[in-house]
Structures are given as C-alpha cells and as structure tokens.
Amino acid sequence: MTTQELHPPLGARRMTRASAETWLGGVASGLAAHLGVPVQWARIGFVVAMLFNGAGLVLYGALWMLVPSDASFERSTPGLEGASRQGRRPMAQRLLGDVGPVGSLVVAGIGLILALQVMLGSFSVLVPLLVAGLGVALLWRQADEAQKQRWFDVDGRIDPVRAVIGADTRAGWARIAAGAALVLVAVSIFAVGSSGLAMAREVWIATVLGIVGVVVVAAPWLLRLASDLGAERAERIRTQERADMAAHLHDSVLQTLALIQRNASDPTQVTRLARRQERDLRAWLYTGDSLDDATLAGALRDLAAKFEDDHGLVVDLVAVGDCDVATVVRPVVQAVGEALTNVVKHAGVERVDVYAECGAHEVEVFVRDRGVGFDPAGVAADRMGVSGSIIGRIERHGGRASVRSTPGDGTEVRIVVPLAPVTSPTHEEKN
Amino acid sequence: MDAPVKVLVVDDHAMFRTGVRAELGQTGVGRVEVVAEAEDVDTAVAAVAAARPDVVLLDVHLPGGGGVEVMRRTAHLPDAPRFLALSVSDAAEDVIGTIRGGARGYVTKTITGPELVDAIGRVAEGDAVFSPRLAGFVLDAFAGSVPVAAVDEDLDRLSEREREVMRLIARGYAYKEVAKELFISVKTVETHMSAVLRKLQLSSRHELTKWASDRRLL
C-alpha cells in the first residue's frame, strides 16, 4: 500500500531538531542523535564553544533556525502513527514548559548585556543588537510552535493567522508581542542612541518603507507558495485520514480475532462478532459517506446494526433510492424498529428481510420474516404492539400500514408513507 | 439428474478456493463437480479453454483486470461457459458492472453451501440468479442512474411486471413465492428475470454508446 511512501530509502541522513526532549530548541538533542553521541556531550560542547566569543551561542542559534524540527518527519507503522494522531498513545512530554526556555533566554540575555556593558562600556551598538536578538529568538521560538501545531492540524486550509500564531493563541500572541516589541525597542534604541530623535524618525520611516517594498515584491511568490502548500496539506490530510481509518479497522479486526479465539466454543457469539466486523469493514470499503442517520437508508442501517448486535437478528436490508425527509424518516424507522422487535419476540427466526424504496411520491418499506406467523384476525384488541406502534403511528403521519401473516408461513409488514402529502392526513386515513 | 455440472472456481485467495471446493464436494455430490481452479485473469482464461466448464464461479476482484476481463476474453469461445459472480463485495458498481459484463447471477461469499449448489444449477440451465440485494441494485440502476428521458423507452425501462418481480425478489421472496404472489408460473418469473438481465446488458444504442465512451473506446 503506502508503505513505500512512509518509509523511503534512507539515503542522505538529515539532521532534525528533537521536538520531544528540548530545553531550548532541541538543537543539542538533535545534534547528539545525528552524531550518535550522548546528549550531554552536545550540550557541554555548546557551552564550551560559547566561551570562544560566544561561538556556541551563534552556532546554536543558526542551527535552530536552519534545521527543521523532527515533528513533521516522524515515521512509524500506520497503526502507531494513526494512534498518535488521534491522541491514543502516550506522547513524550517537553522537559520544561514554555516557562523554562523563555525564562532562560531572558536571564541569559540580561546577563550577557550586563557582562558586555562591563567589558566594553558601550551602549550604542551592542545593547540594541542583544535586545533585537532576544526578540528574534522569541519570534523563532513561536514559529517553531506554530509549525508543530500545523502538522497536527486537521483542517485542510492554511489559515494565515493560525500559520503564524498557532492554535494556542494567548501564549502565541504573548510571545509574538514580546518578540516584536523587543525588536522595535532595539531599533529605537539604536536610532535614538546614534543620532538623536530627528534622525530616529527617518530611520523609522525607512524601515517601514523597506518592509513594505519587500512584501510588495515578494507577494506573488508568497501567495503561490501558500496555495501550493494548501493543496499539499489537503492531500496529506486525506491520506492521513485514510491511513487512520485503515489502522482503526485493522485494529478492530485484531480485537475481533482475539475475541473469536477466546470464544471459539460459542458459535453464536463468534457469528455475532464476525457480522459486526463485517459490517464495519463493508461500511468503510463500499458504502461511502451515506452512513449518517438523517437519511432513511442510513437510519435503517443503524437500526439493523443495533438489532444485529443486541439480539443476534440477521437483518438483510435492501434500500432502493434514499431520502432525507425528517418527517418521514423518523416514524418509518420507529415503526420498522417495532416490527423488528416483534420478529425478535414472536417469530422465532434469526433472519429477516427489510426492503425500503424511496420513490418520487412515496416511501415503501417491507419487513418480512419466515417465522411462525399468526392469525391477524385472532389478535386480541388490547395488544397494542402492532395496531398502536406500527399501524397507528404510520397513519398519524399520513401513511398506511398493513400486516399480512399466515400461521407457519411468516409475517410481512408493509408501510407506505407519502412523501409530499397533497391531501390532508385525515383523508388518507379514511381510505 | 444427468451428468454433474462442471465448475471452474476462479479466486485469488487459495484458501477460499479450497473452501468452496470442499463445500461443493460435500453438499453438491452428483450435482456439481469442480473441474479446475484459477487465480487470476490469465489462468482463468486458460482454464476455461482447457477444462471446458459449464459454469465459472468468478470472483469480481481479480488480479489482471477483474472478473469482467475474464468474461470479455472468453466471450468468443464456441461454447462459452456461463458465469456466476461470487464476491465479498456487494457494492453497486461491482454488482451492476459484473452483470453488464455478462454474468448470469451474483451471490456474495456469505452464501451457504446448499444455496450455492442451487444457484450453480440454475445458472447452468440458463436462468438468472438474483439475490435480494442484487434486485435492489437493479431497481436502483433503472430508477436513478439511467435518466428516463434519454433512454429508449421500449428497451431500457423495466416493464411494470418486471419491476414487480424485481421488487418481490428484493423483499426476500424466493422465485416460487414470487410466482404464487403474482399468480404466474415459476417459468414466467424466470422469463422476466432473463428479460431484466438482457436489458441490463446494454441493449440500447444509447447505453452502448455510454458504455463505450466511459471506457474511452470511442
């Protein structure tokens, strides 16, 4: 099936950032996994490298920006992937929440500023740079979060706001606001510090104009990229849904087989399990989407499934045409349910044929069993099952119902309900 | 009863073939005899030519083009066998498609042994085998998927009587019961069924054109 796509040959090994066990961006764990060394070595390596004019910091930042997160590349068996996406497996937790990384960023930033101020004594260039760096780090941190959420997002479209913020809005907005504010502050400090207020205004205008220019030039590409991404995402989500469904079915088949192994000596139980499984698979393979109980065929299928599960009654349902007129569907389904209950209680058989036809003008349903049957004339007047629940109910809704039965030859219930009653219900009842 | 009906079992699941062979060997002694087995379109075509079966039990989903392909490639043979589709799929497209391809009947794999022997016997004699579900699909096909205005009235619509017969079959009546219900003979019921089958198998020009253009043959 899709196994080739899921497990491409591992040619070039790509480094990814570990998304599951991160302190900051998961760069150290990703690098450690890539190089095959313990993660602590990688962390120590970065700290040591930081001593050489902050090379470790720069390297870490660069890797954080350039190396993709591994959240999008998780490959496993379809069943495990499906279960993960549906939240039915324990997920690795982040070692620290958002507080940790952000807090450490802030502390490290302030410390660095103070240290550099002591060493160099100059505010004009370094402070704005550091503040801006902090802001950019925050923004990138948020981009990470948004990217991760996009991969678990099941909506087919790319929502521009969601693409930037992610679903977790409050924290996301806070991070973006803080990051953007820090960058703005940095620009302001630089402008004011270097050449006074008048010049600052010019720098501001130039910055805004530059940004606008870049956006205008890049807009067509950005738009096309977004629509391409949208199409690919829709495709991916469809594939994933199918994979999840297949995984679910395989899972339930395994469960059924396990139950059958344990109940091998009980034929009725085995038959019931097998039929339920068959229904599941069939619904997925052949029925398509018409499974909701708003339409007559769908509601009857539901009803049949219920009787098969609860009473072991084999309901052979044949539906011709379909309609979703609520005023017709509900009473008809209830009457059919009553007829099936009668079959379970009195007929003494295990299978029944149900035939439903939605024509242009009326809906006809037949419920036929080959059980013991009875003499309709001999039914006591106080037995309300047939007369009240089936015939009475249908007549109240403007239709006709009749029961035909011969002892020894089974029973057939016929239900006819007009679709668009041109005459009043009372007129119908007189007939 | 004369010589047993020679049957070819075509299915890509070896276990299922074995099961059918065992079942027919048990319940169909003297009435049916499995003369060969095949597992895909090519081996099935070869087996039809070599073993000369009367009835082919044909799986709908087969490697190499499906059951319809087997019927297409054996249609020119002098005494081509009759086909009875035996499939797990009861999807409308599969059922109607296979009947249009030339099968005389369509039963699902949950059928019991005696019923299968009966069905094989009926198909061998030239009758059609309609299960309730198949009858439902046929009614659906004539009611919904074929637009009435575009259809040649005489050929493609079911007559009132044929429709009545199909509805009774869909309601779970056996052929005998249909005959009793409508006060006609079983033979007449079978005549109606054959007529339905003939109408399904692309009798009008309109249908033929549609069939060909669907398959990019025009």
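The values are calculated or read from the model by the stated rules, or taken from the named source; none is laboratory data. These figures come from a predicted structure and were not determined experimentally. Positions of Cβ are backbone-derived with ideal geometry, glycine not excepted, and every protein chain shown enters the neighbour counts. With ligands, DNA and RNA removed, areas are computed over all heavy atoms of the protein, side chains included. Shrake-Rupley method; radii C 1.70, N 1.55, O 1.52, S 1.80 Å.
Counting pairs of Cα atoms in region A:206-271, how many percent are more than 16 Å apart? Of all Cα-Cα pairs in region A:206-271, 70 percent lie more than 16 Å apart.
Starting from the Cα of residue A:276, move 7 Å in the Cα-to-Cβ direction to define the label point; list residues of region A:299-317 whose amide nitrogen is under 17 Å from there. Under 17 Å, as judged by backbone N against the label point of residue A:276, lie A:302-315 of region A:299-317. In region A:311-325, the residues that give up 50 Å² or more of accessible area when the other protein chains are added, compared with the chain on its own (1.4 Å probe), are A:318, A:320. As a rough guide to protection, the peptides B:56-65, B:12-21, B:72-81 ranked by mean Cβ packing within 10 Å, highest first, stand as B:56-65, B:12-21, B:72-81.
Normalised by 2.2 N^0.38 Å, where N counts its residues, the alpha-carbon radius of gyration of region B:5-143 equals 0.95. For residue A:345 and residue B:42, a Förster radius of 51 Å and the Cβ-Cβ distance give a FRET efficiency of 0.40, rounded to the nearest 0.05. Estimated at 0.36 nm per residue, the fully extended path between residue A:34 and residue A:180 surpasses their Cα-Cα distance by 49.3 nm. Taken per residue, the accessible surface of region A:171-234 reaches 67 Å², heavy atoms only and a 1.4 Å probe.
Surface analysis of region B:5-143 yields an accessible area of 40 Å² per residue, using protein heavy atoms and a 1.4 Å probe.
Measuring with a 1.4 angstrom probe and ignoring ligands and nucleic acids, residue B:27 comes out at about 60 Å² accessible.
Over 32 Å apart at the Cα level, from the set B:109/B:199; B:109/B:187; A:306/B:109; A:345/B:187, are A:345/B:187. In this simple spin-label model, placing a label point 7 Å from the Cα along the Cα-to-Cβ direction at both residue A:129 and residue A:49 gives a separation of 1.9 nm.
Spin-label pair residue B:75-residue B:61: with each label point 7 Å from Cα along the Cα-Cβ axis, the two points sit 2.5 nm from one another.
Within the accessible surface of region B:5-143, defined with a 1.4 Å probe on protein heavy atoms only, the carbon and sulfur portion equals 53 percent. Sorting the Cα pairs of region A:258-383 by distance into bins of 10 Å, from 0 upward, gives 12, 37, 33, 14, 4, 0 percent per bin. Take each residue in A:351-361, count the other chain C-beta atoms within 10 Å of its C-beta, and the mean is 3.
Surface burial for A against B, with a 1.4 Å probe and both sides summed, reaches about 1600 Å² of accessible area. When only Cα pairs below 8 angstrom with a gap of at least 6 residues are kept, region B:5-143 shows a relative contact order of 23 percent. Between residue B:108 and residue A:327, the modelled label-to-label distance comes to 3.5 nm, taking each label 7 Å out from Cα in the direction of the beta carbon.
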